[in-house]
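See structure below.
The values are calculated or read from the model by the stated rules, or taken from the named source; none is laboratory data. Computed from a predicted structure; not experimentally measured. Glycine gets a Cβ as well: all are built from the backbone with ideal geometry, and neighbour counts include every protein chain shown.
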Amino acid sequence: SSSVEPRPIRRLQESLINRIAAGEIIHRPASALKELLENSLDAGATSIRVIVKDGGMKLLQIQDNGCGIRKSDLPILAERFTTSKLSTFSDLSRIATYGFRGEALASISHVAHLSVITKTKSDTCAWKAYYLDGSLVEPKPGQTPDPKPCAGNDGTIINVQDLFYNTLTRLSSIRSTSEEYARILDVLTKYSVHNPKIAFLCKKAGSAAPDLSTPSDSEISHAIRLLYGHSIAKELINVKEDNDESESWSAESYFTNTNYQAKKMVFLLFINHRLVESPRMKRSLEAVYHTILPKGASPFVYLSLNIDPRAVDVNVHPTKREVHFLNEDAIIERVSDAIQQALAAQGKSRAFEYQV
Ligand code: ADP
Ligand code: MG
């Protein structure tokens with residue numbers, strides 16, 4: 001028989017449970033940023049500005065010119081499962097696939113100091129509110145926790161300060177603030193390519209020159225040129241697959257031809273406008289290029305897939321960047337084939353050009 005004595009099971013403190021759960025959603029500054037970006041995009045912003053201090057550990061600020069948040073909604077803004085994006089059960093299959101169903105701001109408030117300045121078009125002034133552990137709190141002891149009137153433009157500013165100040169395990173997993181800043185820039189760069197109509201800016205606090213700046217009303221190919229450089233942009237092939245009604249997906253891709261050879265593959269994958277990872281899709285594209293590029297050479301691929309949200313696997317936890325979807329094999333094969341054919345066609349026309 002066991003030599004271990006059973007020990008009493010105790011319920012963890014609520015605040016600890018919330019913090020652990022939040023840490024599962026917010027892994028690092030870049031994952032917080034991604035959620036805040038999605039919110040600004042959902043709010044219809046055409047301009048998004050990000051300011052970062054210490055790789056986002058000290059401060060991550062995102063300012064948008066979107067619809068703003070109504071003052072009356074501010075008290076419950078950082079509670080779990082409060083959202084303006086879902087009201088009926090049938091919406092759930094549409095939303096549950098990607099959004100955090102009202103969990104992002106709540107999670108952030110459990111692992112950082114969160115404050116919000118927001119103004120809707122019909123507000124006469126902006127409102128500022130502070131949050132801690134899911135609740136609206138007073139900015140200073142003795143003050144009321146109500147939102148305070150302040151000056152501000154239409155739209156929303158979200159400040160995330162002292163990320164993981166209360167979560168030592170997460171804090172200790174962050175090794176370098178410059179690495180975190182690089183991750184933030186990578187997320188922003190990819191969203192900038194996918195949203196060329198929107199002006200993005202990112203800089204370090206106190207620095208005059210932005211590290212990323214894109215114009216509004218641009219095009220995907222221009223954004224790729226600006227952000228990834230001319231050597232990629234001049235070798236791009238664009239393929240669209242608009243499938244008929246009977247199919248529940250469509251795709252658009254920009255990928256380099258055989259003239260471009262990088263050491264590492266650059267792969268931007270958006271599914272239903274959310275940046276995700278699909279190792280299977282990536283492997284399949286690598287295999288396509290493997291047959292036509294010299295050994296050790298890799299391409300640049302931007303791929304935007306739109307799939308009927310009901311066909312995206314909701315069993316995969318929405319916080320996982322890796323996604324699965326119905327007919328995954330078939331879709332991966334069709335996308336890979338289309339890219340292969342376009343590359344082959346380009347190869348042929350090139351060979352023909354050289355012959356004459
Ligand atoms: P979700 O995005 O899943 O609804 P969040 O916690 O990310 O959950 O946001 C909660 C709610 O706060 C959103 O539904 C939205 O109404 C509001 N919100 C958050 N960020 C913004 C923003 N930048 N502009 C306007 N509204 C916002
Ligand atoms: Mg959100």
Open item on the list: Kindly evaluate LYS282 against the criterion of being closer than 22 Å to VAL187 by Cβ, in a loop (DSSP other than H, G, I, E, B), charged (D, E, K, R) and under 23 Å from the mean Cα position of the chain (by Cα).
Closed with: no
Open item on the list: For the condition modelled with pLDDT under 85 and outside the structural domain of GLY155 (by TED's automatic domain parsing), what is the one hit in SER1, SER87?
Closed with: SER1
Open item on the list: Need pairs with beta-carbon distance below 7 Å; first residue within 16 Å of ASN166 (Cα to Cα) and within segment 12-37, second at pLDDT below 90 and within 16 Å of ligand 1 (Cβ to nearest atom); sequence gap 6+ or separate chains.
Closed with: GLU24/THR319; ILE25/PHE100; ILE25/GLU103; ILE25/THR319
TODO: Would you mention how many residues in segment 138-167 are buried (at least 18 other Cβ atoms within 10 Å of the Cβ) and assigned to a strand (DSSP E or B)?
DONE: 6
Task: segment 308-327 - residue that is buried (at least 21 other Cβ atoms within 10 Å of the Cβ) and in contact with a Ser or Thr (Cβ under 7 Å, 6 or more places away or on another chain) and, of those, modelled with the highest pLDDT - done: VAL323
Task: Subset of segment 14-44 that is assigned to a loop (DSSP other than H, G, I, E, B) and in contact with a helix residue (DSSP H, G or I) (Cβ under 9 Å, 6 or more places away or on another chain) - its residue that is surrounded by the most Cβ atoms within 10 Å (Cβ to Cβ) - done: ILE26
Task: Given (1) assigned to a strand (DSSP E or B); (2) in the same structural domain as ILE331 (by TED's automatic domain parsing); (3) at pLDDT 95 or above, index of the condition LYS203 fails - done: (2)
Task: Filtered residues of segment 148-159 (kept if among the aliphatic types (A, V, I, L, M) and more than 12 Å from ligand 1 (Cβ to nearest atom)) - done: ALA151
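Determine whether ALA43 is closer than 16 Å to ARG274 by Cβ, within 9 Å of ligand 1 (Cβ to nearest atom) and either modelled with pLDDT under 90 or not charged (D, E, K, R) (or both). Spell out the reasoning first.
Values: closer than 16 Å to ARG274 by Cβ: yes; within 9 Å of ligand 1 (Cβ to nearest atom): yes; either modelled with pLDDT under 90 or not charged (D, E, K, R) (or both): yes.
The answer is yes for ALA43.
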